[in-house]
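Written below as structure tokens is the structure these notes are about.
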Amino acid sequence: MTTGLLGGTFNPPHNGHLALALAAVRNLGLEELVVLVAAQPGHKRVELDAGTRLRLARAAFPKFRVELDEHERTVDTLREGQWQDPAFLIGADQFRDFLEWKDPDGVLELARLGVATRPGYPRERLDRVLEGLARPDRVRFFEIEPLPIASRDVRDRVARGEPIDDLVPPAVAEAIAELGLYRR
């Protein structure tokens, strides 16, 4: 069984995350998708506790399994995971920095990589990364419709008292309002 793994801080999860997940299921033939919420992300600071972000992710991805990931780095998550034939999912912007990750070749030994690209994304940026990998055959690209949304945009709108209905799934907007998140 091929299992897709979508990791992140999800602070908060937004429609771009959901679009990537659904496109990966469609394009990569995933039988299962697991959303991994980083408890202590090694690459960025987050204000919300892991439990709250886990709740938001469960609201955003009700049809998928959502778990807390206690590891700071992807390779460590994959080493401890019990998934059959995992495919770790990332966006093209993240893939551009993939060679800087902890043990990128180790990641590709443990999982395939599903990379979401958008129409018009410069392929030469991605090819440079592929050239630096021992197993470029373990990387598969798939296209998604561009949704220029960042979690920061959602937080900023909430702080300004503006609606976020076009940025996040309805259940996420409800949870943010109910919990009073991201208000200054």
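VAL115 passes every criterion in (1) under 17 Å from ALA23 (Cα atoms); (2) assigned to a loop (DSSP other than H, G, I, E, B); (3) modelled with pLDDT of 95 or more apart from (2). Within this structure, PHE95 fails the test of being touching a His at 6+ places or on another chain (Cβ under 8 Å), outside any strand (DSSP E or B) and of a type outside the set (Ser, Thr, Tyr). Restricting the range 40-62 to residues that are modelled with pLDDT under 95 and among the basic types (Lys, Arg), the residue that is nearest to the chain's Cα centre (by Cα) is LYS44.
Consider the range 58-100 and keep the residues that are over 16 Å from VAL25 (Cβ atoms) and touching a Phe, Trp or Tyr at 6+ places or on another chain (Cβ under 8 Å). The one that is surrounded by the most Cβ atoms within 10 Å (Cβ to Cβ) is THR74.
Every listed requirement among (1) closer than 23 Å to GLN40 by Cα; (2) part of a helix (DSSP H, G or I) is met by ILE90 save one, (2).
Considering ASP105, ASP85, ASP93, ASP69, the condition of being of a type in the set (D, E, K, R), closer than 26 Å to HIS14 by Cα and either modelled with pLDDT under 95 or in contact with a Lys or Arg (Cβ under 7 Å, 6 or more places away or on another chain) (or both) is satisfied by ASP93 alone.
The values are calculated or read from the model by the stated rules, or taken from the named source; none is laboratory data. As the structure is a prediction and not an experimental result, all values here were calculated from the model. Virtual Cβ from ideal backbone geometry, glycine too; neighbours counted across all protein chains shown.
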